[in-house]
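Only one structure is covered here, and it is reproduced in the block below.
Quick note: the coordinates plus some simple rules give every number you see, no bench work behind them. Keep in mind that this is a model prediction, so the values were computed, not measured.
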Amino acid sequence: MNFTSLVEALSAWAVPSFLLIALVFAWFKGSKVFDDFVEGAAEGFSTAVKLMPFLVGMMVAIGLFRDSGAMKYLGIVLQPVLIKFSVPHELLPLALMRPVSGSSALAITAEIMQSTGPDSMLGRMASTMMGSTDTTLFVLTVYFGAVGIKKTRYALAVGLIADLAGILASVYVCNLFFN
C-alpha cells in the first residue's frame, strides 16, 4: 500500500471513527446519548430562530449596497490604492463582499473562475482570498446579535484588519508563487 492510498483510506474513515469513539466514550460515561442529542437539536433550533432577524437585516443591507451601484463608485475611488498594492481591480468586488457575505463572495469567486479559469492568476488569487478571509460583518451581526453581545469593543476593527491582511497576503503570495 502506497502513501496516497493510506491517506485516502484514513481520510475516508476519520469522521466515522471519531463519531464511533465519541459514542462509545459517552456510553461508558453513562450519558444518554440520544436524549442529549435531542436536547442539543432543540437548542440549535431556538438559536436559529433568534438568528433570523439579524440574517434578514444583513441580506437586505447587502442587496441595497450591491443594487444601488455603490460598489462601482467605491471601485473608482479605490483604484489608486489597488494599483499601489498590485491588486487586480477584478478582485475588488470579492474583497469588499467577503467580510459581509460568504454566499455573495462565493458567487463572485465562481464568476471569476468561470470568466478567467481556475488556474488563471485571478482564479488563484480569488481562491486564496476566500480561504484567507472571513465574513467578519456577518459574524459580528448574526452571532454577536444572537447571544446578546452589545459592546463589541475592538472586534470589528480587528476582524476587518485581519480581512485586509488576508486580502493583501493572498495577492502577494499568489504573485510570489505563480508569477
Calculate for the chain the 222 nm mean residue ellipticity that helices alone would give, adding -39,500 (n - 2.57) per DSSP H run of length 4 or more and normalising by residue count, nearest 500 deg cm²/dmol. -25500 deg cm²/dmol
Over the Cα atoms of the stretch 51-178 the radius of gyration and the largest Cα-Cα distance (Dmax), both in Å, equal 15.1, 45
Which of 92, 78, 51 moves the most in a Gaussian network model of the chain with Cα springs under 10 Å? 78
Ranked by GNM mean-square fluctuation in the chain (Cα springs under 10 Å), the top entry among 97, 130, 71 is 71
Highest-fluctuation residue, 101, 68, 17 considered, GNM on the chain with Cα pairs under 10 Å: 17
What helices does the chain have that are whole DSSP H segments, at least 24 Å long along their own axis by Cα, and with mean Kyte-Doolittle hydropathy of -0.5 or more? 3-29, 33-67, 155-178
